Amino acid sequence: MLHGSLHCEQVDLAAIAEAVGTPVYVYSTATLRRHAQVFRDGLKAAGRVHLAFAIKANPNLAVLRVLAQEGYGADVVSGGEMRRALAAGIPAADIVFSGVGKTRAELCAALDAGIGQFNLELEEEGEVLAAMAHARGQRAPATLRVNPDVDAGTHAKISTGRKENKFGVDIDRAVEMYGRLAELDGMSLRGIAIHIGSQLLDLAPLEAAYVRIGALIAELRKFGHFISRVDLGGGLGVPYKPGDVPPSPAEYGAMVARVTRDWDVELMFEPGRVLVANAGVLLTKVIWVKPGSINPYVIVDAAMNDLARPAMYDAWHDFAAVHPSGARMTANIAGPVCETGDTFAMGRDIDLVSSDDLAVFRSAGAYGATMASTYNSRALVPEVLVDGDRFAIVADRIHPETILAAERVPEWLEA
């Protein structure tokens, strides 16, 4: 806050709204760099580490370039994300390809690009990948992702480590499967991968999962298998609302160092939300303050198609006026999309706002623009990156007429 107005670094958010319009995502370069450095520093005691940003959290090319400059590789879950990582200057050797549904075309493209690691999700995937690599005279570098059947204690839709989730192979079947895959021509199986969920506020589930992985490593080595890498995934949470107290990277790093001290492997990490969530806001404008039966509705020009997390997960994002007067109100906050679910908050204590006031949804740098859509034929939200006292549009607003121009009416429907 400078001179009574919210700023991103040294840039007044009102100036961005005037230049770009609203709604718009705004990211801070300084915050991205600081978070990247703090996460890395927190893992100093863990020994040999490889950091790969989970691109799904925020795939904007400029954001990726900043993190590439900070020495981060990329964790990708599609061919499109792989191409983004390469375009941002991330070396192919520093790219990890995760995901339960890699297509044969994506596996082929990743082999041709020379990526550093495939995280295998099922035995057939490993067999197909090995055959493709062997046909090229290559050996595909890979780990086997296991499901430790540990409840991350997070929202059900972002939990990935329970037995009933679709990710990884049953840890009880991992030893025999690892043995079969390791023998394949064209396969260079190097270790184990794991990821139990997102927005974790407690280290206990992670530690429980890592202990199970440690036992699996010991058992694999007992059978003579080579284990040089263990991918511990990501998932550290961030403080979205009052009462959220996530572990710090230093606390996380201390736990990792303690649990893995005898593993003698390179540890790999896939941080996402923890790097980018609090580096971004969604800047919006109040359209109307509509009287309600209990509380008024603050109708803003951002909607669920711009920021889907509240509608999808009942997620909390703090709402703040760009020019706060100090007065408060209790209100519901909603967007203009024709869905009851297009609601950001109900009965929330917020800054007093009125029509045409600017406001922000905080902690919107992760799973914001990347999940946006054009539902209700709305424009696709733009993105802005701030660096000190300057800013640049790093993703254009894609207007409905541009989207319409990509559609066709078949000739038999022409008048």
Return the percentage of antiparallel bridges among DSSP beta bridges fully within the range 179-332, rounded to the nearest 5 %. 35 percent
Estimated vicinal HN-Hα couplings, Hz - the range 208-221 in sequence order (Karplus 6.51, -1.76, 1.60; Gly, Pro = x): 4, 5, 5, 4, 5, 5, x, 5, 5, 4, 4, 5, 4, 5
Taking 2.2 N^0.38 Å as the expected size of a compact globular protein, what ratio does the Cα radius of gyration of the chain give against it, to two decimals? 1.06
Amide H to amide H under 5 Å from Ala193: which residues, 5+ apart in sequence or cross-chain, H placed 1.01 Å off N in plane? Leu144, Arg145, Val146, Asp231
Measuring from the lowest to the highest alpha carbon on each principal axis, how far does the range 22-113 reach, largest first, in angstroms? 45, 38, 22
Could you tell me the relative contact order of the range 1-105? Use alpha-carbon pairs under 8 Å, at least six residues apart, and round to a whole percent. 20 percent
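Quick check: residue separation of Asp264 and Asp170 times 0.36 nm, minus the Cα distance between them. What number comes out in nm?
Working: separation 94, 0.36 × 94 = 33.84 nm, distance 2.38 nm.
Taking Asp264 through Asp170 to full extension adds about 31.5 nm, to one decimal.
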For the chain, the longest principal axis of the Cα atoms and the Cα long axis of helix 123-135 enclose an angle in degrees, to the nearest 10, of 70 degrees
Roll a 1.4 angstrom probe over the protein heavy atoms and tell me the percent of accessible area of the chain that is carbon or sulfur. 53 percent
With 22 Å as the cut-off, how large is the P(r) tail for the range 1-74, expressed as percent of Cα-Cα pairs? 38 percent
Under 10 Å, Cα contacts only: if you run a Gaussian network model on the chain, which one of Tyr27, Tyr72, Tyr375 comes out with the highest mean-square fluctuation? Tyr375
With each pseudo-label sitting 7 Å past Cα toward Cβ, what's the Arg34-Glu124 distance in nm, one decimal? 4.9 nm
Per residue, how many Å² of accessible area does the range 1-120 show with a 1.4 Å probe? 38 Å²
If you wrap a convex hull around the C-alpha atoms of the range 352-415 and split its volume per residue, what is the figure in Å³? 169 Å³
Step through the residues of the range 53-58 one at a time and calculate ³J(HN,Hα) from phi using the Karplus curve (6.51 cos²θ - 1.76 cosθ + 1.60, θ = phi - 60°), rounding each to whole Hz and writing x for Gly and Pro. 5, 6, 4, 4, 5, 6
Once you charge only the Cβ atoms, +1 for Lys and Arg and -1 for Asp and Glu, what is the size of the charge dipole of the range 195-290 about its Cα centre, to the nearest 20 debye? 380 debye
Please figure out what share of the DSSP beta bridges in the chain is antiparallel and state it in percent, rounded to the nearest 5. 45 percent
Accessible area per residue, 1.4 Å probe, Å², for the range 339-415: what's the number? 59 Å²
Tell me the net charge near Ala379. Cut-off is 15 Å between Cβ atoms, Ala379 excluded, with +1 for each Lys or Arg and -1 for each Asp or Glu. -2
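Give the residue list of trypsin sites (Lys or Arg not before Pro) in the range 250-281 that are DSSP loop and have at most 16 other beta-carbon atoms within 10 angstrom. Write down the numbers at each step before the final one.
Values: sites: Arg258, Arg261, Arg273; in loops: Arg261.
Loop-located and lightly packed - Arg261.
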Taking the chain as a Gaussian network, Cα atoms linked when under 10 Å apart, which of Gly237, Gly326, Gly101 shows the biggest mean-square fluctuation? Gly326
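State, as an integer percentage, the relative contact order of the chain based on alpha-carbon contacts under 8 Å between residues 6 or more apart.
Reported as a whole number, the value is 20 percent.
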Roll a 1.4 Å probe over the protein heavy atoms and report the accessible area of Asp149 in Å², nearest 10. 70 Å²
The long-range amide H neighbours of Gln117, using H built 1.01 Å from N in the peptide plane and a cut-off of under 5 Å, are Ile95, Phe97
Search the structure for amide H atoms under 5 Å from the amide H of Trp288, placed 1.01 Å from N in the peptide plane, and list their residues when 5 or more places away or on another chain. Ile299
Going residue by residue through the range 184-193, the Karplus relation 6.51 cos²θ - 1.76 cosθ + 1.60 with θ = phi - 60° gives ³J(HN,Hα) values, rounded to whole Hz and with x marking Gly or Pro, of 6, 4, x, 10, 10, 7, 10, x, 10, 10
As a test question: what accessible area, to the nearest 10 Å², does His323 have when a 1.4 Å probe is rolled over all protein chains in place? 100 Å²
Find how much the distance from Phe226 to Ser5 grows on full extension, using 0.36 nm per residue of separation minus their present alpha carbon separation; answer in nm with one decimal. 73.8 nm
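Quick check on the chain: helices-only [θ] at 222 nm, where DSSP H runs of length 4 and up contribute -39,500 (n - 2.57) each and the sum goes over total residues. Nearest 500, please.
-8500 deg cm²/dmol
The values are calculated or read from the model by the stated rules, or taken from the named source; none is laboratory data. Everything numeric in this text was worked out from a predicted model, so none of it was measured. In this analysis, Cβ positions are derived from the backbone assuming ideal geometry, glycine residues included, and neighbour counts consider all displayed protein chains. For accessibility, only protein heavy atoms count, side chains too; no ligands or nucleic acids. Shrake-Rupley method; radii C 1.70, N 1.55, O 1.52, S 1.80 Å.
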